[in-house]
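Just below is one structure, and these are the notes that go with it.
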């Protein structure tokens, strides 16, 4: 009896065990066989995290390695409105740190959405304060933000980037394909707490950073140029100003300044009118500065020599029913004096002696009417009409710098050709492309475009242009101790209301180079709509002088004028 | 023999488990170090930006003139002179450039 009961119990226990194992087996088969694929996907989703990584944008430095633009990871704050209890309370809490209005934050946090940006790309300091204030429903992600540590310095050349880090202007835009970092998607393993353990397959590699750029710009020369231009624009109450400093032997830009400046760190409130690089985009009638180019063409073609005598018509001459005036009544003067005194009549006569085809050929050779191909975006080609569209006074007008549109970069490149023995160089602003470790990947070398005039002609024109500074209209450009060659220009602007030359709106300019005997700098100063006296020799030449002296000293160029030094000892 | 086989089997299982656990441990270590590296890189970048901003010519000029009372030299007050390392001038000598502030130039340039 006891044995049969015991056996019955044993069977019962066995049955229970079998049932138990059966359930486990059934569950095992369900999980491992029937739902295997579906559950494997689910497990992967839980254990793996797919993240999109982007390499840092490349750095931009000046010719001495000074940082002009670089990326830094900063916090961006987002909210999950559906996970918040009180949007109003959260908004009040976060508003002082995020520097966003309480109302705006509350509006964002009250939306019926799963994700909303509250503030993007904050300052690192804000991020540190925010670190102690995070709560459920508020999160932080790190994003790359572009910093321009020098503020407005070189802003028109550097340009700026958009909210998503894409270059929108200047070097940032022109070299976007090199500067931006590599984008890559990586799968990471994570544990039950969501922490990253290690990348799947252990093959994770950080995405490559963008290339870095070394500019030809010198930070110090840029500062001096911007400061002096800004002072001149303020002093003359001008609408704007542009100045370029170029190495005439290579075409390398040492400085490019536009006034007024802007801060690329805070560009959202500004319009294109403020950030446009006027030195490249805005064509203007050059006025008398064109006489330097016309003189080079005339001397190269042996139409004129410095001592060729030209009759100044006592300051008044009629061409094609149009009267041309000189500001000084001249009789017989040498061709050198025509340029030095900036005679319109002498220039017109020279242009007519040269003829339309030859004049046009030299305009093209010097690069007018076509882009210089500088490595910056938005360059305009200027305006040079074809001779078949010229009227009877066009030759005279163009010789005086009218009926032609040039950009400051074209004009300074052309004058730099005279400083460089008649060889026209291609202007450029990026000298090296480097990888993230600073290794040079590509070096951009100076490029010769063409020989425009002979070295002898360039030398002869230089002597004439030196006379402009020593005896002519450009006296205020003279730099003590250095020989300076240059030409002033004062051009009337077209009045958009009447379509004729304005009597009150002018562009005053000065273009030249120094030292004239061994040019290290070619510079152009353009002052747009100065108030009061608007002569190029009055408003632009002094800027040339001040920048020229400081930069030549900075470059260690010694004066060619003997000086006597007196050592003074302090009296007891 | 059986005991030896069981022992070896247990050892293999132990090694396998130990290896997996250690991989996870090293994985955490790597992640922590990577995080430290990112934090240090951010700090480095921040310092670079700060250094660059502090050394901006605009700022230096303002500090020099407003806090230190320095003034820019007047026109002609800076003269770059060239001296040669030995007395005899030779075109092959590398010129040594010296900058001095001119206090007085009697009969100098006007």
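No lab work stands behind these numbers, since they all come straight from the coordinates. Because the structure is predicted, anything quoted here is derived from the model rather than measured. Cβ: placed from backbone, ideal geometry, glycine included. Neighbour counts: every protein chain shown.
Taken as Cα centroids, region A:60-79 and region A:220-280 sit 22 Å apart, rounded to the nearest whole angstrom.
On a 0 to 90° scale, report how tilted helix A:541-554 is relative to the longest principal axis of chain A, with both axes built from alpha carbons and the result rounded to the nearest 10. Orientation of helix A:541-554: about 60 degrees from the principal axis. Size descriptor for region A:219-554, Kirkwood hydrodynamic radius: 19.9 Å (Cα pairs only, one decimal).
Convex hull volume of the Cα atoms of region A:449-515, normalised per residue: 130 Å³. Overall, the ratio between the Cα radius of gyration of region A:310-419 and 2.2 N^0.38 Å, rounded to two decimals, is 1.15.
If you take the Cα centroid of region A:127-194 and the Cα centroid of region A:365-419, the two points sit 41 Å apart. Going by a ≥ b ≥ c, the root eigenvalues of the Cα gyration tensor, does region A:428-572 fall in the rounded group (a/c under 1.5), the prolate group (a/b larger than b/c) or the oblate group? Verdict is oblate for region A:428-572. Between helix A:356-365 and chain A there is an angle of about 40 degrees, using the helix long axis and the longest principal axis of the Cα atoms.
The Rg/Rh ratio of region B:2-61, with both radii computed over alpha carbons and Rh defined as the Kirkwood radius, is 1.62.
Within 10 Å of each residue's Cβ, count the other Cβ atoms and sort A:186, A:462, A:473, A:322 from fewest upward. Each step should come with its number before you reach the end.
Working: A:186 16, A:462 23, A:473 26, A:322 12.
Lowest to highest Cβ neighbour count: A:322, A:186, A:462, A:473.
Counting, for every residue in B:41-49, the Cβ atoms of other protein chains within 10 Å of its Cβ and taking the mean gives 5. For region A:239-329, pairs of C-alpha atoms spaced more than 17 angstrom apart make up 73 percent of the total. How much FRET efficiency would the formula 1/(1 + (r/R0)^6) give for residue B:40 and residue A:371, where r is the Cβ-Cβ distance and R0 is 45 Å, rounded to 0.05? About 0.50, to the nearest 0.05.
Put a dot 7 Å past the Cα of residue A:437, heading toward its Cβ, do the same for residue A:235, and the two dots end up 5.1 nm apart.
For A:175, A:513, the sequence from fewest to most other C-beta atoms within 10 Å is A:175, A:513.
From the helices alone, meaning DSSP H stretches of at least four residues, give me the mean residue ellipticity at 222 nm for chain A, per-run term -39500 (n - 2.57), in deg cm²/dmol to the nearest 500. Rounded to the nearest 500, the figure is -10000 deg cm²/dmol. Please give the helix A:344-354 orientation as an angle from the longest Cα principal axis of chain A, in degrees from 0 to 90, rounded to the nearest 10. Approximately 90 degrees, to the nearest ten. What the Cβ-Cβ distance of residue A:185 and residue B:60 gives, at R0 = 41 Å and to the nearest 0.05, is a FRET efficiency of 0.35. Does region A:14-107 come out rounded, prolate or oblate, given a ≥ b ≥ c as the square roots of the eigenvalues of its C-alpha gyration tensor, rounded meaning a/c under 1.5 and, failing that, prolate meaning a/b above b/c? Note, shape of region A:14-107 comes out oblate.
Legend: Rg and Dmax of region A:478-527, from Cα coordinates, 15.2, 47 Å. Distance between the pseudo-spin-label points of residue A:30 and residue A:82 (7 Å out from Cα toward the beta carbon): 2.9 nm. Per residue of B:51-62, other chain Cβ atoms within 10 Å of the residue Cβ number 5 on average.
Would you please give the FRET efficiency between residue A:361 and residue B:67, computed as 1/(1 + (r/R0)^6) with r the Cβ-Cβ distance and R0 = 35 Å, to the nearest 0.05? Walk me through the intermediate numbers first.
Numbers: r = 58 Å, r/R0 = 1.65.
Efficiency, from the Cβ-Cβ distance: 0.05.
Taking every residue in B:31-38 and counting other chain Cβ atoms within 10 Å of its Cβ, the average works out to 2. Spin-label model, residue A:206 to residue A:323: label points 7 Å out along the Cα-to-beta-carbon direction sit 7.5 nm apart. The orientation-averaged shadow of the Cα convex hull for the protein assembly as shown, equal to a quarter of the hull surface, comes to 55.9 nm².
Each peptide in B:31-38, A:486-493, A:229-236, A:337-344 was scored by the mean count of other Cβ atoms within 10 Å over its residues; highest first, the order is A:486-493, A:337-344, A:229-236, B:31-38.
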